[in-house]
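The structure appears right after this line, and notes come after that.
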Amino acid sequence: MKTKGRAIRILVLVFVLLFSLKSLQAKTYPWKIVHPVFDSLAALLDTAANPNQEEQEAILKQLETISLSQNNAVLNIRYRFWNAYLNGDNWNTTQNENAKNNYLLETLSYIDSMNYDYDYARILFLILNSPNNPSDYLSQYQQLNQLIPIFQKYDDILHMGHCYRYLGILFGDLAQFDQAIGYFDKADECYAQISNKEALATNATNRAVLLYYMGEGDSSVQLFKRLLQDTLLRQRPQTMISLYINLSLATVSEQQRRVYEDSAFMLIERYPDVAGPEYRCALLVNIANRYHTSGNTDSAILFYKRALENAEEEHLKNVLIPTLMGLSSCYAQQGNYKDAYENMVRFYNLQEEVRGSSTVGEINRKENSLAINEYQNQLAIQAQKMSLQKRMTALVTVSIALLAIILLVILLYLRQKKKLAETSLQNKELQTQQLQQEVDYQNRELSSNMLILSENRSFLQQVLTQLEKMRSKGDLSNTSESELRKMITSHIQSEDEWDSFKIHFEKVHPGFFNTLKEKHPNLTTNDLKLCAYIRIGLNIKQIAQMTAVLPATIKTNRYLLKKKLQIDEDMSIDDYIASLGQ
């Protein structure tokens, strides 16, 4: 019935999560959705309200079944993660912890970290959280700083806080207390943001331990005491054991220390599976020391032996040293010099071994501390370079933009200038065309007027001829014929026609005669007239008609005029005269 009820509860939760998977993806479930049912089950393990151990095992079994049936690499990786995450307590021994690390490192190697960076971050975080993490301080520092932006990207504030807390512990181990406090402060900000009281309490415990090692015992004790009153922590035996043991180490009062040791011992006896071996051994040694100091050597030896047995089983050399020394002293007080000597020999041998290891460890810590400082300096230099590069890039971008704007303005100006020039040229051409049309019109008008005058003159000449005939026949008296001839001849030979033509011509072609006279001062009036007739476009026949001479005469006159003007053979007299009026 219990199994059936558990299965129904899981099934209901899965259906609820399936219907809200999209909102879950956006808000609280940062894993990329691969398989709705698998991810819904995994979400049960990754939410704040985790199921109990039996339900966890059932969910893990379902995850395994799905990953095997789907033959999907991502699902297989996630199953391996949850298997290591949930079964961590079963790998507490050194051998199993190494196997767990190898298991996780192998899993990490399968991940496509570009497309599944959150999967990569969670598995790497689990490796860093391992007690036997093989990474040195510098590697841990680099990896934790690598994880923070990934968790920030997916709004995983809890794991961001964990990374800051682990960095605080790391710098505490390196005795760089200011940086450690700074990282604990950042962790508190993250935990407070999501109102995670349990994480805040855990971080406060780390802070209290750090204060103790910083020499601020009173502040450490006050913080530990405040944590003892936390309702949430009082429900966690392992945390309470840790608090009592730390208080027993930090408290100056012998009576108060005894109270804390007894409280821790009672919890260890009541919950033997939750206390870590180091805490258990340390507490046994502290109690043994108390009995030893009070002169109760039998009880002291009893607790020393229990501490020795646990320390040898867990290979805790730092616990073995005070245990062997205490046993040797107790045996000596009881007169058992043989056991006292044997324990003293083991004590000295182990002390030399640990001292060498401690020296090497201290050197390694200093080297790692220097390496981290160097790495931080490099990061700072890189940050400065990037900042400078960004500024230079911004400056270059702005300069290019300004240059582009200037070039654009110049281009627009040149284009507008060209357009205006083209418009001006078009206007000038239009004006020239209009002027040319006007000149042509006036030339035609002049030609027309001259032709009319020529026709009138020809008509009058015919009248004279007719008068001559009439006089010879006696139809007209000599006196009348003489008077009429005189009137007609005076009109034919009048210079007013030329003067009138010249005035109109100079209006159309101003400066023509002046230019012609300047270049060719030897020209006669008839030459000037012929040039004017040629300029207005009259042909040989029209000129002959106007001047009452034969066309051959005009042709000869044109030839002679060309000679006078000294015009090249390859240039016509018409083109030359036309060029003078431009």
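Each value in this text was obtained by applying a stated rule to the coordinates, not by laboratory testing. Everything numeric here is computed off the predicted structure, so don't read it as measured data. Heads up, the Cβs are rebuilt from the backbone with ideal geometry, glycines too, and the neighbour counts pull from every protein chain shown.
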From the backbone phi of region 515-532, what are the Karplus-calculated ³J(HN,Hα) couplings (6.51 cos²θ - 1.76 cosθ + 1.60, θ = phi - 60°) in whole Hz, Gly and Pro given as x?
4, 5, 5, 5, 6, 9, x, 8, 6, 8, 4, 5, 5, 5, 4, 4, 4, 5
Taking the alpha-carbon distance from K197 and a cut-off under 20 Å, which lysines remain once sequence neighbours fewer than 8 residues away in the same chain are dropped?
K186, K225
How far apart, in nanometres, would the label points at T65 and D46 be if each is projected 7 angstrom from Cα along the Cα-to-Cβ direction?
2.2
Chymotrypsin sites (Phe, Trp or Tyr not before Pro) restricted to DSSP loop in region 506-582 with at most 10 other C-beta within 10 Å
none
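Taking neighbour counts of Cβ atoms within 10 Å as a proxy for exposure, in what order, fewest first, do V34, V463 appear? Please report the intermediate quantities before stating the final value.
Numbers: V34 17, V463 14.
Fewest-to-most Cβ neighbours within 10 Å comes out as V463, V34.
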Taking only the alpha carbons of region 495-582, the radius of gyration and the largest Cα-Cα distance, Dmax, both in angstrom, are 12.4, 37
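Could you list D230, D119 in order of exposure, starting from the residue whose Cβ has the fewest other Cβ atoms within 10 Å?
Values: D230 19, D119 23.
Result, fewest neighbours first: D230, D119.
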Once both label points are put 7 Å beyond Cα along the C-beta direction, the Q434-Y341 separation in nm becomes 13.7
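Please sort 382-395, 295-308, 68-81 by packing, taking for each peptide the average over its residues of neighbouring beta carbons within 10 angstrom, highest first.
Ranking the peptides 382-395, 295-308, 68-81 by packing returns 295-308, 68-81, 382-395.
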Karplus (6.51, -1.76, 1.60) ³J(HN,Hα), θ = phi - 60°, over region 111-128, in Hz, Gly and Pro reported as x:
7, 7, 5, 6, 8, 10, 5, 5, 4, 4, 5, 5, 5, 4, 4, 5, 5, 5
Normalised radius of gyration for region 205-271, please: alpha carbon Rg relative to 2.2 N^0.38 Å, two decimal places.
1.04
Longer than 22 Å from Cα to Cα, which of K541/K562; K517/K564; K507/K529; K153/K385 are they? Say none if no pair is.
K153/K385
Defining a contact as two alpha carbons under 8 Å apart and six or more residues distant in sequence, what relative contact order in percent does region 495-582 show?
34
Can you pull the one-decimal nm distance between simple spin-label points at Q462 and R258, each 7 Å off the Cα toward Cβ?
16.6
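Convex hull over the Cα atoms of region 185-310, averaged projected area in nm²? Write down the numbers at each step before the final one.
Numbers: hull surface 32.8 nm².
Orientation-averaged projected area of the Cα hull: 8.2 nm².
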³J(HN,Hα) across region 417-427 via Karplus (A = 6.51, B = -1.76, C = 1.60, θ = phi - 60°), whole Hz, x for Gly/Pro?
5, 4, 5, 5, 5, 5, 5, 4, 5, 4, 5
